[in-house]
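First the structure, in the form of structure tokens, and then the observations on it.
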Amino acid sequence: MIKVQSLRHTIIAQFLVILLPVVALLVYQTWQDARRSVEMEHLAQLHGLALAAKERYATFLNGATDAVDTSALSRSAVSALWDARHALDELGQRSQSAEIVHAAKSIFAMAEALEADAGVHTLRALGDQIALARTVIHEAQADYDLQLNELIQQSIKQSALGVQIVIGVSILVLLMTIWCVFRMIHYLSRPLELAVSIADRIAEGGTVAEGDFNLQLDVGNLIRSLGRMYRNLKSAQSEAHVHRKGLEEKIDQLADSQTSLAEAQHLAQMGNWYWDRAGARGNWSDEMYRLLGFTPGECAPSWRNFLRLVDATEQASLRAQFRSLIARPGSVSVEHHIT
């Protein structure tokens, strides 16, 4: 049986070599995009809180400026201060900034004091706290502006780098694909062409060098199987030649024996015959025909024709002896007259 080694493992390994960089790149890009997206969303929320606190605190400061003319802080300005405090407090909790949390507590104290007395003298008493809180809010908002811009710039650079990586990996995959295709062509075409050549030479009865069967490739087993078939065929042909030669010698010996027997029968005035019971046919020697007075074409060598030549008085006895010989094979001596 010819066994050809499967290329399945080789093909799978080569495709894995091609696909693994692509899969790794896709996983890496997906992870990077997800990480940047989460980071961007978190920073955008903090930036939004800082911006809201700055805007609401600016509204409060405008109200404080107007209070110099009106002698009292408006309710909308106090409400804006509370809004600024809530935004700053949430910003401090999310960013875990002790400075922002402290500023939020300071604004809370100012808002409670102004709720009790919104007069100009209260605003003047809280002047240092108001200025300090303004500084903290502006610095926080400016800091988150800077962080957001840096993150955007970093994302742009990483996206550009990702495009370059994709292009590089695509070129690498293309080159590896071309390499794998040529490798498969090399692995398949050479052994198959050699196998066809060997098979043609075997079919035409030509000779094949032993070196042609030593191909160390994935489908080299096909060539080696052809080698075994070729050697077995040569061995069978050699044995057949020996048997045929021996048979020819036996035939020649038999022919010589038959010739000698015919000459001896002719000299001794003797003939011989045999009857094949299974094939229902007989054979008479040439001397048998001569003794009976026939030529080979005049009388068929059958048991029935032979029995007709026997004397009528002896035919029944000869039949009985013949049947007994068939029932119990052996040797028997019979004498009878020929008419």
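The values are calculated or read from the model by the stated rules, or taken from the named source; none is laboratory data. Since the model is a prediction, treat every value here as computed from it, not as a measurement. Quick reminder, even Gly has a Cβ in these numbers, built from the backbone with ideal geometry, and neighbours come from all protein chains shown.
Worth pointing out:
- Of all residues in the range 308-337, those satisfying the criterion of being assigned to a loop (DSSP other than H, G, I, E, B) and either at pLDDT 75 or above or not hydroxyl-bearing (Ser, Thr, Tyr) (or both) are Asp311, Arg328, Pro329, Gly330, Val332, Val334, Glu335, His336, His337.
Okay, residues lined up against (1) in a loop (DSSP other than H, G, I, E, B); (2) modelled with pLDDT of 70 or more; (3) within 17 Å of His337 (Cα to Cα); (4) among the β-branched types (Val, Ile, Thr):
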position: Gly271; (1), (2), (3), (4): yes, no, yes, no
position: Trp275; (1), (2), (3), (4): no, no, no, no
position: Gly279; (1), (2), (3), (4): yes, no, no, no
position: Gly282; (1), (2), (3), (4): no, no, no, no
position: Tyr289; (1), (2), (3), (4): no, yes, yes, no
position: Gly297; (1), (2), (3), (4): yes, no, no, no
position: Ala300; (1), (2), (3), (4): yes, yes, no, no
position: Phe306; (1), (2), (3), (4): no, yes, yes, no
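- Taking the criterion of being surrounded by 15 or more Cβ atoms within 10 Å (Cβ to Cβ), under 25 Å from Gly92 (Cα atoms) and of a type outside the set (D, E, K, R), no residue of the range 23-39 qualifies.
- Comparison of Ser76, Ser106 shows that the only residue that is surrounded by fewer than 16 Cβ atoms within 10 Å (Cβ to Cβ) and at pLDDT 90 or above is Ser76.
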